[in-house]
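To start, the structure under review is shown below, and the notes come after it.
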Amino acid sequence: MEPAACTNNQSNGNYGEDIIGWFEDVTEKAGLVQTQTLRKILEQNCSVEYLRQWLGDIKIQEVDGFVLESLYTSLVPLASHADLEPYIHRIANGDAGPILTQQPMTTLSLSSGTTDGRQKYVPFTRHSAQTTLQIFRLAAAYRSRVYPTREGGRILEFIYSSRQFKTKGGLTAGTATTHYYASQEFKIKQEKTKSFTCSPEEVIASGDSKQSTYCHLLLGLFFSDQVEFITSTFAYSIVQAFITFEELWKELCNDIRDGTLSKRINLPKVRKAVLDIISPNPTLASKIEASCKGLEDLDWFGLIPKLWPNAKYVYSIMTGSMQPYLKKLRRFAGDVPLVSAEYGSTESWIGVNVDPCLPPEDVTFAVVPTFSYFEFIPLHRHKQDCNLAIDDFIEDKPVPLSQVKVGQQYEIVLTTFTGLYRYRLGDVVEVAGFHNGTPKLNFICRRKLILTVNIDKNTEKDLQIVVERGSQLLSKSKAELVDFTSHADLLTQPGHYIIYWEIKGEVEERVLGECCREMDASFVDHGYVVSRRSNSIGPLELRIVEKGTFKKILEHFIVNGSALSQFKTPRCTSNKVILSILNLCTVKRVYSTAYAH
């Protein structure tokens, strides 16, 4: 069930309609395609060690498709990453036997580590790169229907590879984005979509995110009239790049005027690659300089359309933990539309944005039924008086893709071609509707509770709502929230929540007190409210950290192997190094008076 256009060399327009035609076909019969997908996965891998312990010697080829689904889900248990980790570590350490996949594994991806504070190995195969190419091409086809781009145009892509390394057993390990940017599929993607990144491979693969960002900006400006859209894996990276631009625009203009490259770029391969591209352009430099002087007076509102007049949209992951950056991104984008990128994880791609004209807050993702075999665990909220510290959901038995219901929330379960079987992803989604026979998902949050002291249960989504309400009060001081995280402090008695803010601008302590009080009062979880009233949870504490604190956290993750493309600020942390950075950089503390008697 591969799209016909995969082997075609047609023009961009025809190709786009061909791949959309393929998607319409597989989603029309999504239930049947899912059955066929599971059969393919099991036929390829039924004899591996992990599956044999559950399926024994069952002859997969002889079992009817629908019977196979029932047999598989009744015999193979649901699994977390912890269940599969011992098998993955054996592979990493050099065991080349058929443990999780029949084909020997040569590459492992590293998750970002921002969810639970540590990076995890996840299998990566050629199939991973192929599905990445496929979803990018499919998404590009849907976007081109709404925002047509010029063939042969350029993309200003803020993309970054991190270092790859060898595991004890000789496997290549690194982030999934690093593997993809190094793959043949990334080159094919540019050829097929007829859009080319501004930056050469040497810049993407430099391993130094600061030097890469400078070069991305320089080359993006050099090709400014040719840039059709601006993108990065996460919205955070785009915001960070333009914050850097605010500081370095004069230096960038000097380089464009003289055809030179700043001394801050000291990697020989990167210097050569960039200097081979740019040449002196005094006219362009003067034009950019004049634009920047005007933009400074507007606090950089509308930076993107001013400097990249032909940019049709900004494209990135903007859901989940990226939503807090939308306000800042909209300031930079002005009237240029924000388009939310596809829904996936290190483990598997899941869904495509078939409605790119929708704002990121309303985006849904149509599940691609050929990528993995998907199951959905129905989730129901606990009654208010239920005391369960792990989670805020009651589960029903998993259902296949064809049986999900609109309005119901689910946790996604994956069976992948890369050796993950009935793998609990930990993402909570809601079915918003259907595209033909495949569900359109609205990402809600990560399943894991991030803030809990005793009977209180607050998710990342709950925290985001609270911070949004509190930070709206900053407008009184013409200040803005740069970034935030939180921590449930259990060492003090009673335990309490700490929320860390980095702010741009000066804010009076009285206003900060109002912000803190508003956040404390905005947590609606019944367990939290009851606990605050009885003082079994102490007053919310707001800590203001100095400028650049969250950049230090970013640098900590990058030093430990994350790529900037992959980085997500942890919205709650117990990581000792991160807490040390936050606490050392704290310049002010404010306590809530919301429940003062």
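The values are calculated or read from the model by the stated rules, or taken from the named source; none is laboratory data. Just so you know, these numbers come straight off a predicted model, no measurement behind them. FYI the Cβ positions are ideal-geometry reconstructions off the backbone, even for glycines, and counts take in every protein chain you see. The protein model used for the area step is the full one, side chains on, heavy atoms only, and it has no ligands, DNA or RNA in it. Shrake-Rupley method; radii C 1.70, N 1.55, O 1.52, S 1.80 Å.
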Of the residues that make up region 229-236, is at least one open to solvent by less than 20 Å² (accessible area, probe 1.4 Å), aliphatic (A, V, I, L, M), in contact with a Leu (Cβ under 6 Å, 6 or more places away or on another chain) and not in a helix (DSSP H, G or I)?
yes
Checking Thr149 against (1) under 26 Å from Gly94 (Cβ atoms); (2) in contact with a Phe, Trp or Tyr (Cβ under 7 Å, 6 or more places away or on another chain); (3) at pLDDT 75 or above; (4) not hydrophobic (A, V, I, L, M, F, W, C): exactly one of these is not met. Which one?
(1)
Working carefully through the options Phe434, Phe443, Phe484, find the one that is surrounded by fewer than 19 Cβ atoms within 10 Å (Cβ to Cβ), part of a strand (DSSP E or B) and in contact (Cβ under 8 Å) with a residue 12 or more places away in the chain.
Phe434
Among the residues of region 407-425, the number that are touching a residue at least 40 places away in the same chain (Cβ under 8 Å), farther than 15 Å from Pro77 by Cα and assigned to a strand (DSSP E or B) is 0
It is to be established whether one or more residues within region 569-592 are modelled with pLDDT under 80 and charged (D, E, K, R).
no
Log entry, pairs with first residue in region 517-540 being under 17 Å from Ile499 (Cα atoms) and among the small types (Gly, Ala, Ser), second being open to solvent by 10 Å² or more (accessible area, probe 1.4 Å) and at pLDDT 80 or above, beta carbons closer than 6 Å, six or more apart or on different chains, reads Ala521/Ala594; Ser522/Arg469; Gly538/Pro494; Gly538/His496
Residue satisfying all of: in region 408-451; polar (S, T, N, Q) and more than 23 Å from Val466 (Cβ to Cβ); modelled with the lowest pLDDT among these:
Thr418
If a residue has to be open to solvent by 40 Å² or more (accessible area, probe 1.4 Å) and more than 15 Å from Leu420 (Cα to Cα) to count, how many in region 95-110 make the cut?
3
Just to be sure before I move on: is Gly65 modelled with pLDDT under 85 and at positive phi in the structure I sent?
no
Exactly one condition in (1) among the charged types (D, E, K, R); (2) out of contact with any Lys or Arg (no Cβ under 7 Å at 6 or more places or on another chain); (3) within 22 Å of Gly334 (Cα to Cα) is not met by Lys210; state its number.
(3)
Of the residues Gly495, Gly527, Gly513, which is over 21 Å from Glu460 (Cβ atoms) and surrounded by 14 or more Cβ atoms within 10 Å (Cβ to Cβ)?
Gly513
Tally the residues that are in a helix (DSSP H, G or I), in contact with an Asp or Glu (Cβ under 9 Å, 6 or more places away or on another chain) and among the hydroxyl-bearing types (Ser, Thr, Tyr), restricting the search to region 446-481.
2
For region 72-91, how many residues are within 28 Å of Leu171 (Cα to Cα) and free of Cβ contacts under 8 Å to residues at least 24 places away in the same chain?
4
Checking the structure you have, find out if any residue of region 454-469 is within 21 Å of Lys29 (Cβ to Cβ), of a type in the set (Lys, Arg) and open to solvent by 40 Å² or more (accessible area, probe 1.4 Å).
no
Here is a check on your reading of the model: is Arg39 in contact with a helix residue (DSSP H, G or I) (Cβ under 8 Å, 6 or more places away or on another chain), open to solvent by 20 Å² or more (accessible area, probe 1.4 Å), assigned to a helix (DSSP H, G or I) and free of Cβ contacts under 8 Å to residues at least 40 places away in the same chain?
yes
Filter region 479-497 down to the residues that are under 15 Å from Ile553 (Cβ atoms) and among the β-branched types (Val, Ile, Thr) and list them by number.
Val482, Thr485
